[in-house]
Amino acid sequence: MVNILSAQDKVAGFIRKLELYKRRTDVEDISMVSELTMILDQSNEECTFTKEIGDHLSSVISCISTYFPNLENRETNAWVLRPFSVNEESFPDSETQAKVQFLGLREDNTLKHDFEE
């Protein structure tokens, strides 16, 4: 089942992979592009456009980040996935109603038991 939280995790994971690929192109490593590497190896050619690949990866990262600007704040909603293991400081005291409801949920052993099953 896909929900907003799992979708955010997938997008964040994809961005991290792109960042890794970008770092690899910075040191002229394009091994993550297996088809291109295979073709270049078969023809004994060197890749002369690793900078362009890196620039493109940077552009993709930038574009995706404009559509998903708050991926770094995903932990704010961690209580939805792990309501019984999140620290109560996740909710500021100023959000009294939300914090009261969260504390009631977190301390409900019946719900905890049902959640773990």
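Computed values, structure above
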read-out: Single unsatisfied condition, P92 versus (1) in the same structural domain as L18 (by TED's automatic domain parsing); (2) part of a loop (DSSP other than H, G, I, E, B); (3) closer than 25 Å to I4 by Cα; value: (1)
read-out: Failed item, numbered, when L57 is tested on (1) outside the structural domain of E107 (by TED's automatic domain parsing); (2) at pLDDT below 90; value: (2)
read-out: Any chance S85 is within 30 Å of E117 (Cβ to Cβ), at pLDDT below 95 and outside any helix (DSSP H, G or I); value: yes
read-out: Close pairs (8 angstrom Cβ cut-off, 6 or more residues apart or separate chains): small (G, A, S) in the stretch 1-19, assigned to a helix (DSSP H, G or I) anywhere; value: A12/L71; A12/R74
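The values are calculated or read from the model by the stated rules, or taken from the named source; none is laboratory data. Computed from a predicted structure; not experimentally measured. Cβ atoms come from the backbone with ideal geometry, glycine included; neighbour counts cover every protein chain shown.
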